[in-house]
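In what follows, a single structure is set out as structure tokens and then discussed.
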Amino acid sequence: MDIGRFARRLRARGDETSGKRTDGGVTAEGGASSVLGETELSNRAGGLDPDVDASNETERLRKERDYWRGLFEQVVEAFPQPTFVVDADDAIAYVNDIAKQGFAKDPTDVVGRNVYDGFRLSKGNETLAQTVRKRGEAVREDGFRKIQSDDGVDWIRSAAVPLFDREGNAVGGFETAASVGDIVRQREAIVEAQTNVEQTLDEVIADATDAAERVDGALVEAASLADEQAENMDEVSGEVGSLSATVEEIAASADEVNERSEEAERLAEDSTEAGEDAVYAMEDVAESGDQAAEQTRELAAQVAEIDDIVEVINDIADQTNILALNANIEAARAGEAGEGFAVVANEVKSLANEVQKESERIEEIIHETRGDAGETVESIESVTEQVRSTADAVREMVENQNAIADEVRATSTGMNDIAAATDDQAVRTEEVASMVDTAAERSKSVRSEVTEAATANDEQMAVVEDIEASARELESVMASIDAGDGTDVIDAT
């Protein structure tokens with residue numbers, strides 16, 4: 001329905017005898033208007049035209065006026081939202097119960113009162129009905145207005161149309177207001193929730209950024225340490241390789257010493273047999289004595305050679321101790337990765353000490369043997385001069401040769417043990433070298449993994465930045481939504 005046309009018809013059909021209405025309505029004064037022509041009648045709203053039974057034109061007009069007035073009052077009263085009409089003097093002409101309860105200072109005394117006296121409206125503000133009456137055009141508010149109601153603060157969005165008389169003059173404004181308090185409160189709740197989310201998200205982003213920066217620093221340090229460890233492991237690998245070669249040399253020297261010990265044992269047995277033959281063949285003592293003296297001298301020379309070998313073994317043992325010490329130092333620098341190597345190095349040092357001790361024992365035996373050989377030579381020379389008177393001395397020599405053989409056998413057994421231990425140490429050293437190589441490869445692998453972790457951390461930082469950008473975009477969207485709210489306020493003052 002066209003409310004403006006409806007109002008104009010209502011105003012045009014006022015009773016000439018009517019004055020100010022008791023309900024605040026305004027009627028035209030000065031008599032009845034002219035009869036509507038055919039064109040005006042054709043503009044009426046079809047089936048809503050009243051079926052008036054009147055004896056004269058004045059009665060008909062009065063009945064039509066009452067008919068249309070009743071319809072208008074029904075619209076105002078029954079409208080499901082606050083609805084009211086303000087006339088040209090800013091007086092409240094019509095108002096429904098919903099508007100009375102929502103806007104009126106005194107719901108029992110509203111109609112006919114000035115809008116600033118009847119409504120909770122402060123000076124300087126005006127209703128939308130007043131605005132459209134002045135503009136002469138309908139208005140629907142885009143924003144929300146905050147008002148004071150019996151229940152406290154509420155929010156409304158109004159629409160209003162101006163009311164014109166027959167001559168087209170704006171004589172009032174019709175306003176209806178829709179309550180949007182729930183929408184505003186929901187929006188405020190959304191804004192509050194969004195603010196809380198922003199704060200929480202800012203904290204999370206700050207924590208994530210800080211954690212990522214700390215992780216990045218730790219990864220840089222870990223990468224540096226991994227590089228250093230890889231370099232150290234390569235150096236240790238080289239040292240272990242050298243140690244392995246040295247141990248193999250020691251093993252070869254031990255085998256050689258063992259072979260010479262066996263040869264010395266054989267020579268001692270031969271000397272004993274020669275002494276026994278001298279006992280049984282005294283007539284050949286002189287010749288045998290010369291031969292025995294010569295053999296004894298050869299034995300002394302061989303014992304001297306053994307002494308040289310023992311000195312070599314002592315030097316090897318000293319070098320092994322130095323290598324073991326260096327290995328312990330490198331193991332300490334390698335940290336946990338070098339603990340197993342340190343154990344093996346200690347074993348090498350221990351075996352070197354044992355070799356040195358056995359060498360010292362051999363050296364003592366050699367000195368004793370050389371002394372015995374000297375005595376034997378003197379005895380043989382004495383036997384040569386006094387063949388038959390030296391039988392007892394020959395027997396003594398035989399006994400000494402037996403003792404030498406026993407000592408040489410003991411030396412040979414010890415060198416067998418040394419050779420076996422050295423071979424075992426060589427195997428273990430190879431195992432250590434393999435483990436060091438493996439550790440070096442793992443150190444390089446750690447460096448690669450640290451690099452991958454740094455890349456993943458950078459990707460995480462990018463995700464955090466994307467989240468932060470999304471949060472800022474959400475904040476901008478919410479700000480643009482808030483900017484659409486109205487700011488007009490109807491208060492209780």
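The values are calculated or read from the model by the stated rules, or taken from the named source; none is laboratory data. As the structure is a prediction and not an experimental result, all values here were calculated from the model. In this analysis, Cβ positions are derived from the backbone assuming ideal geometry, glycine residues included, and neighbour counts consider all displayed protein chains.
Below, the figures for the structure above:
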item: Single condition D106 does not satisfy, out of (1) modelled with pLDDT of 90 or more; (2) not in a helix (DSSP H, G or I); result: (1)
item: Test for A331: is it within 29 Å of A230 (Cβ to Cβ) and either of a type in the set (G, A, S) or at pLDDT 85 or above (or both); result: yes
item: Single match in V355, V348, V436, V394 (criterion: under 60 Å from the mean Cα position of the chain (by Cα), modelled with pLDDT under 80 and buried (at least 19 other Cβ atoms within 10 Å of the Cβ)); result: V436
item: Qualifying residue in segment 275-295 (condition: in contact (Cβ under 8 Å) with a residue 40 or more places away in the chain, among the polar types (S, T, N, Q) and assigned to a helix (DSSP H, G or I)); result: no
item: Test set (1) free of Cβ contacts under 8 Å to residues at least 24 places away in the same chain; (2) farther than 30 Å from F119 by Cα - D182 fails condition number; result: (2)
item: T429 in the same structural domain as T246 (by TED's automatic domain parsing) and touching a residue at least 24 places away in the same chain (Cβ under 8 Å); result: yes
item: Options L121, L36; residue that is modelled with pLDDT under 85 and out of contact with any Asp or Glu (no Cβ under 9 Å at 6 or more places or on another chain); result: L36
item: Restricting segment 156-178 to residues that are outside any strand (DSSP E or B) and charged (D, E, K, R), the residue that is surrounded by the most Cβ atoms within 10 Å (Cβ to Cβ); result: D165
item: Residue selected from segment 439-457 under the condition more than 23 Å from G340 (Cβ to Cβ) and in contact with a helix residue (DSSP H, G or I) (Cβ under 8 Å, 6 or more places away or on another chain), by the criterion surrounded by the most Cβ atoms within 10 Å (Cβ to Cβ); result: V450
item: Residue within segment 291-314 that is at pLDDT below 75, among the polar types (S, T, N, Q) and more than 17 Å from H367 (Cα to Cα) present; result: no
item: Test for T438: is it free of Cβ contacts under 8 Å to residues at least 24 places away in the same chain, part of a helix (DSSP H, G or I), in the same structural domain as S350 (by TED's automatic domain parsing) and over 16 Å from A352 (Cα atoms); result: yes
item: Output for segment 127-177, where each listed residue is at pLDDT 85 or above and of a type in the set (G, A, S); result: A129, G136, A138, S158, A159, A160, G168, A170, G172, G173, A177
item: Residue identified as under 60 Å from the mean Cα position of the chain (by Cα), crowded, with 16+ Cβ neighbours inside 10 Å and either over 30 Å from A334 (Cα atoms) or among the hydroxyl-bearing types (S, T, Y) (or both) among S242, S224, S237, S261; result: S237
item: Residue that is surrounded by 14 or more Cβ atoms within 10 Å (Cβ to Cβ) and touching a Phe, Trp or Tyr at 6+ places or on another chain (Cβ under 9 Å), where the choices are A331, A342, A373, A324; result: A331
item: Scope segment 179-196; condition in a helix (DSSP H, G or I) and crowded, with 16+ Cβ neighbours inside 10 Å; matching residues; result: G181, V184, R187, Q194
item: Members of segment 237-264 that are β-branched (V, I, T), within 18 Å of V355 (Cβ to Cβ) and out of contact with any Ser or Thr (no Cβ under 6 Å at 6 or more places or on another chain); result: T246, V257
item: Scan of segment 265-282 for residues that are in contact with a Leu (Cβ under 8 Å, 6 or more places away or on another chain) and modelled with pLDDT under 75, ordered by number; result: A268, S271
item: Of the criteria (1) within 53 Å of the chain's Cα centre (by Cα); (2) β-branched (V, I, T); (3) surrounded by 15 or more Cβ atoms within 10 Å (Cβ to Cβ), which one V111 fails; result: (1)
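Yes or no, residue by residue, for (1) among the small types (G, A, S); (2) over 30 Å from I250 (Cα atoms); (3) modelled with pLDDT under 75; (4) part of a helix (DSSP H, G or I):
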site: A410; (1), (2), (3), (4): yes, no, no, yes
site: G414; (1), (2), (3), (4): yes, no, no, yes
site: I418; (1), (2), (3), (4): no, no, no, yes
site: D424; (1), (2), (3), (4): no, no, no, yes
site: E430; (1), (2), (3), (4): no, no, no, yes
site: R447; (1), (2), (3), (4): no, yes, yes, yes
site: V450; (1), (2), (3), (4): no, yes, no, yes
site: E475; (1), (2), (3), (4): no, yes, yes, yes
site: I481; (1), (2), (3), (4): no, yes, yes, yes
